[in-house]
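Quick notes on the structure that follows.
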Protein chains: 2
Amino acid sequence: MKRVRLVDVAEVAGVSTKTVSNVVHDYPHVAPELRRRVQAAIDKLGYRPNLTARRLVTGKTGMIALAIPEIDHPYFSELSRQIAEEAARRNYRVIIEQTLGKLEAEHAVLEDREAGLVDGIIFHPVSIGALSIAKLHHDTPLVLLGEGAMPATSDHVMIDNVAAAAEAVQFLLGQGRRRIAFLGVVEDDVTFSTDKRLLGYQQGLIEAGLDPDPGLVLSVQDFSSEASGEAVRAALERGVSIDGIVCRDDKFAAGALRACAAAGISVPDGIAVLGWDDTAIGKYTTPSLTSVAPDKSALASTALELLTERIDGFRGVGRHRIVPHGLTIRQSTPSVPSELPMPQGEPAVPSA
Amino acid sequence: MKRVRLVDVAEVAGVSTKTVSNVVHDYPHVAPELRRRVQAAIDKLGYRPNLTARRLVTGKTGMIALAIPEIDHPYFSELSRQIAEEAARRNYRVIIEQTLGKLEAEHAVLEDREAGLVDGIIFHPVSIGALSIAKLHHDTPLVLLGEGAMPATSDHVMIDNVAAAAEAVQFLLGQGRRRIAFLGVVEDDVTFSTDKRLLGYQQGLIEAGLDPDPGLVLSVQDFSSEASGEAVRAALERGVSIDGIVCRDDKFAAGALRACAAAGISVPDGIAVLGWDDTAIGKYTTPSLTSVAPDKSALASTALELLTERIDGFRGVGRHRIVPHGLTIRQSTPSVPSELPMPQGEPAVPSA
DNA sequence: GCCTCAAGATACAGCGCTGTAAACTTGTAT
DNA sequence: ATACAAGTTTACAGCGCTGTATCTTGAGGC
């Protein structure tokens, strides 16, 4: 059962292959009668165009690669969904590449050893540095995500992490908390994200006239929620006085919640806990989690906008976009209204 | 900056394009000296083979489609990860197609309007029926996942849902529970999965000599954890006596947990709660969730095994494989050891 | 010294499609 | 009637690669 080709349809319909192609593509200048005849032949034979052949001649694959550390990490799976849907809207398909944050895999993403597979790449780097990106990157259009490396040569989208962290601190301060901890510095492996968030945390305190207490910066063994729980438990045991925790991400916040529960401390009454990323995790914890909420939808649409512009021929230095963030307020912080206004970050700036 | 082609390399190296191709493919019969020269030219020019062209001539794309309802549902994202990793091991790339369980999208998956995009499809159907699958399915190799439609003509992989549900019931019975409820029948929309699990639940009770109480089958408005919580709350308010709940999935279990907490009922002391799918959700709830655990890794490897066999030419009627399941025991069920042995389901049957 | 054979290298066709340009067919203005 | 524009259809090259068949070369056997 050989696959039906354009020529087969053409033969049956008694026209040239190009006319069949024109019908397939809804080219306007085809006589109605012919169009009908060709369509009948297509239906009769069950013709389906061979995408690979089309790609070879057009040079467009209609696919983009999404390279992320972990498919099944809630933040990335939720982001992937947004990106996949936005891509579908623009008639692109997405192929997901999992790097596990490994340098080797991240190199592979850029080295892109086989060309012509995708029209562009959306890449959330973890380990690789800006220099390596600039060096390894070929001419495949690329948009970077996250707070990792951001070489000036590449397009890049993220939220304002520093501002968001400062706002998170302000939010807790506005509820009367004064001993606010930051949870999330993994020893010997300070990621860019953690760095920015920690900076914002300190900035928020300073702006409020408070003196950041180094003893309130809690470091964690690894990226598991167990380790973060352990860090909080240890701090509590040391007798560190804490009435609020800003966490590097929701996983860490979940660990903090457990540690508080184990120590018999009520959340949010005793300690307010604030997560980051607004993932589904926050809906399932007890209490549910207040969390810094990157606008994932804006992240996705901005990334695709930049990427498609590059695909469509834009050449220029790297553009850096900040997309909005908010705060999803749930049970892990007090429900008293904050007196402080909550700025929402700069709006995304769609280019003209 | 034109892309470097095989002919460019050939010209620089002073050989035929085929020889370059042979070097690229590590074809053994190439003289060492020539190989060196060609490799030097490849490196110098930064040649990367054009996959699309290769595909056109070989007819293989090296890609498989994974069609699932929701990318960001924990079960599917975890399963996707397994499948992506297993596929990578076999040198396939995965392109993820999200159907949202919509009939139209599911049709599109099978109609596969553009051929030559993927070598095979792994599909977890929700809405589409067996007949439609059989009717719409072209010749692209296909493996079905889940408890949905399973036409005799297609390969199919799942766990033994009936057995797993019966075992879950037995597990609770073994801990002395007698008023075990089933949570998860969404009104007017009984999925195949729910159906099977409900059947196993009833079977488990009957096998233990108990009479299933219809009042213990709790129906839920929709697939959210809020709705499931509401269903449990309502049952409790009606005064239904319950000491254990087997839930259709972890989301529903999370809702049940909340409802119990709200009603002041301790889990697992008052009511034991058992989820399904062993997703990450279960790690973040309080208490953490005991859950029926499909062997996702086996699911993935079996699906890929069947699929690659088809891709490699196997023609035959649909094969149906059952992969193992277990029970991940956490805090939402009592920690007393069960006296009943916990069968683990049939092992996966790798074909010869 | 001649023949055979395997390894090494190549020429060439063609995978299935679309872009280009050219050919042909009307309809309309002159 | 004639020219010309607009609408319609087609021939053909070629995207970049690999499979097949073929050719070349040098070693080994008699």
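The values are calculated or read from the model by the stated rules, or taken from the named source; none is laboratory data. It should be emphasised that the depicted structure is a prediction, and the values quoted were computed from it without experimental measurement. Because the Cβ atoms are built from the backbone with ideal geometry, glycine has one as well, and the counts that use them run over all protein chains shown.
Brief remarks follow.
- Looking across the range B:85-104, the residues that are free of Cβ contacts under 8 Å to residues at least 12 places away in the same chain and either of a type in the set (Asp, Glu) or in contact with a strand residue (DSSP E or B) (Cβ under 9 Å, 6 or more places away or on another chain) (or both) come down to B:Ala88, B:Glu104.
- Qualifying residue in the range A:230-238 (condition: within 14 Å of A:Val186 (Cβ to Cβ), assigned by TED's automatic domain parsing to the domain that holds A:Ala165 and touching a Lys or Arg at 6+ places or on another chain (Cβ under 7 Å)): no
- Subset of the range A:51-69 [within 8 Å of chain B (Cβ to nearest Cβ), more than 11 Å from DNA strand D (Cβ to nearest atom) and touching a residue at least 12 places away in the same chain (Cβ under 8 Å)]: A:Thr61, A:Met63
- Members of the range B:289-329 found to be closer than 18 Å to B:Ala134 by Cα and without any contact (Cβ under 8 Å) to a residue 24 or more places away in the chain, listed by number: B:Phe314, B:Arg315, B:Gly316
- Test: residue in the range A:270-289 that is at pLDDT 95 or above, of a type in the set (D, E, K, R) and either within 22 Å of A:Ser219 (Cα to Cα) or not in a helix (DSSP H, G or I) (or both): yes
- Single condition B:Gly101 does not satisfy, out of (1) at the interface with chain A (Cβ under 9 Å from one of its Cβ atoms); (2) modelled with pLDDT under 95: (1)
- In the range A:247-263, the residues that are at positive phi form no Cβ pair under 8 Å with any partner that is buried (at least 24 other Cβ atoms within 10 Å of the Cβ), whether six or more places apart or across chains.
- Meets criteria (buried (at least 23 other Cβ atoms within 10 Å of the Cβ), within 21 Å of B:Ser288 (Cα to Cα) and either touching a Gly at 6+ places or on another chain (Cβ under 8 Å) or outside the structural domain of B:Glu147 (by TED's automatic domain parsing) (or both)) for B:Phe182: yes
- Residue in the range B:79-95 that is polar (S, T, N, Q) and either part of a strand (DSSP E or B) or facing chain A (nearest Cβ under 7 Å) (or both) present: yes
- Single residue of the range A:50-72 satisfying the filter (buried (at least 21 other Cβ atoms within 10 Å of the Cβ) and in a loop (DSSP other than H, G, I, E, B)) that is farthest from DNA strand C (Cβ to nearest atom): A:Asp72
- If you go through the range B:315-337 and keep only what is of a type outside the set (A, V, I, L, M, F, W, C) and in a loop (DSSP other than H, G, I, E, B), you end up with B:Arg315, B:Gly316, B:Gly318, B:Arg319, B:Pro324, B:Arg330, B:Gln331, B:Ser332, B:Thr333, B:Pro334, B:Ser335, B:Pro337.
- Residue match in the range A:101-112 (condition: farther than 25 Å from B:Tyr47 by Cα and aliphatic (A, V, I, L, M)): no
- Looking only at residues in the range B:26-49 that are within 14 Å of another protein chain (Cβ to nearest Cβ) and part of a helix (DSSP H, G or I), the one that is farthest from DNA strand D (Cβ to nearest atom) is B:Asp43.
- Scanning the range A:218-242 for residues that are assigned to a helix (DSSP H, G or I), buried (at least 16 other Cβ atoms within 10 Å of the Cβ), over 25 Å from the mean Cα position of the chain (by Cα) and of a type in the set (A, V, I, L, M) gives A:Ala231, A:Val232, A:Ala235, A:Leu236.
- Qualifying residue in the range B:141-157 (condition: farther than 20 Å from B:His320 by Cβ and either within 16 Å of DNA strand D (Cβ to nearest atom) or out of contact with any Lys or Arg (no Cβ under 6 Å at 6 or more places or on another chain) (or both)): no
- In the range A:30-44, the residues that are within 43 Å of the chain's Cα centre (by Cα) and either more than 11 Å from DNA strand C (Cβ to nearest atom) or more than 21 Å from B:His138 (Cβ to Cβ) (or both): A:Gln39, A:Asp43
- Within the range B:130-162, tally of residues that are surrounded by fewer than 24 Cβ atoms within 10 Å (Cβ to Cβ), out of contact with any strand residue (DSSP E or B) (no Cβ under 8 Å at 6 or more places or on another chain) and within 20 Å of B:Leu274 (Cα to Cα): 1
- Any hit, the range B:17-25, residues being assigned to a loop (DSSP other than H, G, I, E, B), within 14 Å of another protein chain (Cβ to nearest Cβ) and farther than 20 Å from A:Val118 by Cβ: yes
- When residues of the range A:1-16 are limited to those that are in a helix (DSSP H, G or I) and away from chain B (no Cβ under 14 Å), the one nearest to DNA strand C (Cβ to nearest atom): A:Val7
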